[in-house]
Every structure is written in C-alpha cells, then in structure tokens.
Amino acid sequence: MTSALIALPIAAPMLAAGGVVAVGGRYRQVCRWVVLGVSAAVLVIAGVMIARTADGSVHAVQVGDWGPGISIAFAIDMFSALMLAVSSLLVLVCYSFAVSAGDDEAEPLFGPLVLILSAGVYGTFITADLFNLFVLIEVMLLPSYALLIMAGSRAKLAAGRIYLLVNLLASTIFLAGLAMLYGSAGTLNLGVLAGAAAENPTIAAAGAVILVAMAAKAAMVPMHGWLPRTYPEASPAVTALFSGLLTKTGAYVIIRVYSVMYEGDQRYVWVIMTGAILTMVIGVLAAVGQDTLRSILAFDMVSQIGYVLLGLALATHAGLAATVFFLVQYAAVKAALLLCAGAVETAYGTGRLSLLGGLGGREKLLAAAYAVAALSLAGLPPMSGFVAKLGLIRAAVLDEQYFPAAMAVIVSLLTLLPLLKIWTGAFAGALPSPLPDTARTRAGLVAPAVVLGVVTIALGIGAQPLLAAAETAADVLSNPTIWAEAVLRG
C-alpha cells in the first residue's frame, strides 16, 4: 500500500493532465474540479505519509521491481512528506485564486499545465536518483515557461526569454555535473552515493557542479538576478505558484544532496554560509528600492532563501531542524503575500505603490491577511516566522556561530522596511483619485490569502507538531545512512 502511495503524487497529476486535455475547453467546470480534486488527493497522501514517517522511518520503492541502479528509485521520509504537503496545499490555493481571477478562461490549457508542473515538483521531493531528478526538473521547466508567458505581452515574452535561458543554462550545468559524477562514481543513485563526496574529492567536485546549478534555480546570490526580472511579469496566480514551488524545490534539492552525498562535511559549509548571508543581505536591500508590490516581494523572496540555506550551512542537527521548519512555513507565508498583491492588482489594475493607497479602509479582510503574512515574514510573534527564525538563530548561537546569528537578526529587522513600504503605499492613507471608487476585491480573490494566513497563525501558536516533525526530518538528514539503506532495500 505504501509503495503505491509513493508513486501516486507523480502519476495522478500526469494522468489527470492528459484527461483534462482530452476533455478540452468544452467542460471547463469539470476540468477545474479535476485539478482541485487531484491536488487535494495529493495533500491527503502527504498527510498519510507524514503519519507513517513520524517514527523516523523512510519508505522506498524500486519501480518495476528492478535492482538498485537500474530501476527508478523513489523514497519518502518526513522532510519530503512535509514538502509534498505544503506544495499540494499551495497548488490548491493558487489554482483557486487563478480560477477566481479568470486565468483558466483566458487559457484553456492553464489547468493541465499546473498539473504537469505540480507532478514535476512532487517528483523532485521523492526521487532517489539524480538523473530522474534532472528529468523531473525539466518536467517542471516546460509548463512553467508556458505559464509565465501566457497572454503573450511583450514584457511577458522578454521575461520568458530570460527565464528560459537561465534555466536551460542551469540544466546544462546540472547535466554536466551528472556526467562527471557518473564517470567518477559509476552511478547516480543517491543511496549508493551516500557519503561518497566526503571521501572522494573527484565526486565532491562533481557534486559541487550539481549544487551550483541548483543554487541558480533557487535564486541564490550571485545567481539571483533572473528571478525579480521574471516572476513579477507572470500573472499574479502564477507568481504565487512559482514562489511556493520552484525556488523551494531548488532549496530542497540542495539540502538533500548535500546532506546525503557530503554528509554535512564541515570542509565545504563555509561556501554555503557565505552564499546564505550574501543572499539574505542583498535580497532585502534590493527589495527596499522597488516600487511595485510584486517586485518588492520578489527581491524579498531572494532574501528569505538565504535563511533556508543558513541552517544547512550550520551543519548541525538543530540547524537542519530549523531549516526544515523555516522552509515549510515560509512557502505558505510568501505565497500569502503574493496572493494579497495579486488580489490588489486584479481588482484595481495596478501594483504600483504610487497609484495605490487607502485600501486598508475598504479591504479590511485583505489588509488583515497581508498584515498577518508580513508579520510572519519579518519574524514577529506569535506568527510561524518568529518560531522559524528563532530556531535558526538559536541553532547558530548553540554552534557558536555568532556572526550568522547577528546577521539573521539584522536582516529580519530590515525585512520590515519593504513590508512597511507596501503597507504605507497600498493600505494606509487615502484612495488616489485615478482608482475607481467602485472597485473591490471579490471573495474568491481574498480567500486563498486568508487561508494561508490562518495556516501561518496556526503554525506559530501551535508550532509543536511541526517542530516535532522537523526534528524527525533532521534525524534522517543528519544521519543519511538511514535514508540510503532504505533506498537500496526498496
């Protein structure tokens, strides 16, 4: 039973996408329910797998019953189950927003593209083979490019070229790393490669090429410039979807590959630490200088990726647990902020702060949802972001890494500046005369952000279950032999 559940998050969306394409645009309502139903089913599967991995176990399967190194290997532990859960939740809420905004009416293939994208994302969380990982990343890339340029404006096409070129370059680097790794190790199965980079400098070099490619996809400084130039040009629903899925996938792969192949080798963590701190600082400073809702949030997205990698750079159990907690709650928080921005843009026709103002008085529920998500992102209690950042700072102090701890606190305070800029520019003050006085956000546009706002409050006030799950995930990440043995057993 468990073996069948492991493969379903990939198979179900792909098969459903084919069915939706066959139906076409004649039964749009049916297509909507198929997309929502499949995403809800994956969320349920993720919940089941969280329960089954709560004891620290790892469930793996060799597809086709071939031996290790030949078959397609899938594995789920607590970390991948948590990422599967938050990703499927974000697909649900972002697609609901897209339906309310009319994105699927403008493009009949919107639903199938979202399903294929989600299948690729889910697959990256459960694959245990690096070549299959490459294939699944490409499965993500193709529909994401189509979603980005949907509607075909000149700005979208320009952003699409940048997005496609950067991701193809990163994929080429990734493939080169795979070739180097296969040539030196004779396998791309992560179970076989466990600890190999810590013992063999040639394998470590090949792994470094792979990690560089994933750092580009995760928008880690100095390979971050493509993200703020592309994400804000997509439709609001697509931007939120990309935020919750694509960059987080890059961060997940970095954490998984480094933990398994390098076993947290202390000789190389200074590179990750340097990149994490630079990403935090440069991202937040760039966000302050932007003048539109989504451009501010896009640069802040870069900054927060630095926090995700900070815990990995500490290479301690506490750091890994804090990273898992941060990554799960942050995906929901950032999507909530972008959905708030998207609701404003859809209802009022602009995201430029100079053309907005006074929305707090007429959009009280939307303003509340934004305030909750913003406070969480800045790390203020009692939101989930406070628990996440406190965990990272505590892990750094316990490891006597005082400079990274101080930078985490400083950047958290600086994060308030761009978020307050959005509040004062869009929600405070008086309504500018160019805006139509009758404009209002529909309930369907506000509800997704409210749902995620409730999630971040729940994960802050009731943080203990996720903290316990993060500790369990860190147990496997800090002792990858458990994961590797499960993969090889299948």
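Specify the residue that is nearest to G102 (Cα to Cα); the eligible residues are those in region 354-369 that are buried (at least 18 other Cβ atoms within 10 Å of the Cβ), out of contact with any Phe, Trp or Tyr (no Cβ under 7 Å at 6 or more places or on another chain) and modelled with pLDDT of 90 or more.
L366
I'd like the residue in region 249-270 that is among the hydroxyl-bearing types (S, T, Y) and in a helix (DSSP H, G or I) and, out of all such residues, is surrounded by the most Cβ atoms within 10 Å (Cβ to Cβ). Even if it seems obvious, please write down each step before you answer.
We begin by selecting, within region 249-270, every residue among the hydroxyl-bearing types (S, T, Y); these are 249, 252, 258-259, 262, 268.
Next, only the ones that are in a helix (DSSP H, G or I) stay: 249, 252, 258-259.
Details: T249: 25, Y252: 23, Y258: 27, S259: 22.
By that ranking, first place goes to Y258.
Filter region 216-244 for residues that are at pLDDT 90 or above and within 18 Å of M83 (Cα to Cα) and give the result.
Across region 216-244, the qualifying residues are K217, A218, A240, L241, F242, S243.
Only one of V166, V114 is surrounded by fewer than 21 Cβ atoms within 10 Å (Cβ to Cβ) and not small (G, A, S). Can you tell me which?
Sole residue among the options that is surrounded by fewer than 21 Cβ atoms within 10 Å (Cβ to Cβ) and not small (G, A, S): V166.
Select from region 348-379 the residues that are farther than 15 Å from K334 by Cα and assigned to a loop (DSSP other than H, G, I, E, B) and list them in ascending order.
G349, T350, G351, L356, G357, G358, E363
If you check every pair at least six apart or on different chains, which have Cβ atoms under 8 Å apart with a residue in region 168-188 that is outside any helix (DSSP H, G or I) first and a residue that is surrounded by 14 or more Cβ atoms within 10 Å (Cβ to Cβ) second?
Filtered contacts from region 168-188: T187/G69; T187/L193; L188/D129; L188/L130; L188/F131; L188/L178; L188/L181; L188/Y182.
Let me confirm something: among L188, L285, which residue is surrounded by fewer than 22 Cβ atoms within 10 Å (Cβ to Cβ) and in contact with a strand residue (DSSP E or B) (Cβ under 8 Å, 6 or more places away or on another chain)?
L188
Is there any pair linking a residue in region 3-15 that is over 17 Å from L82 (Cβ atoms) and of a type outside the set (F, W, Y) to one that is modelled with pLDDT of 90 or more and not in a helix (DSSP H, G or I), with Cβ under 7 Å and at least six apart or on different chains, and which?
Matching pairs, first to second residue: A7/F74.
Would you call S303 more than 30 Å from E345 (Cβ to Cβ), polar (S, T, N, Q) and touching a residue at least 12 places away in the same chain (Cβ under 8 Å)?
So S303 does not fit the description; no.
Go through the residues of region 304-311 one by one and say whether even a single one is farther than 18 Å from K217 by Cα, surrounded by fewer than 24 Cβ atoms within 10 Å (Cβ to Cβ) and not β-branched (V, I, T).
Checking region 304-311: not a single residue is farther than 18 Å from K217 by Cα, surrounded by fewer than 24 Cβ atoms within 10 Å (Cβ to Cβ) and not β-branched (V, I, T).
What residue, among those in region 74-102 that are polar (S, T, N, Q) and farther than 30 Å from L130 by Cβ, is modelled with the lowest pLDDT?
Selected residue: S100.
Of the residues G391, G379, G385, G351, which is closer than 21 Å to A321 by Cβ, under 24 Å from the mean Cα position of the chain (by Cα) and at pLDDT below 90?
G379
Please specify each residue of region 156-177 satisfying the condition of being more than 19 Å from L133 (Cβ to Cβ) and among the small types (G, A, S).
The answer is A158, A159, G160.
Can you tell me which condition H224 does not meet? The list is (1) assigned to a helix (DSSP H, G or I); (2) surrounded by 24 or more Cβ atoms within 10 Å (Cβ to Cβ); (3) not polar (S, T, N, Q), and all the others hold.
Looking at each condition in turn, H224 falls short on (1).
The values are calculated or read from the model by the stated rules, or taken from the named source; none is laboratory data. Since the model is a prediction, treat every value here as computed from it, not as a measurement. All Cβ positions, even for glycine, are placed from backbone atoms using ideal geometry, and neighbour counts span all protein chains on display.
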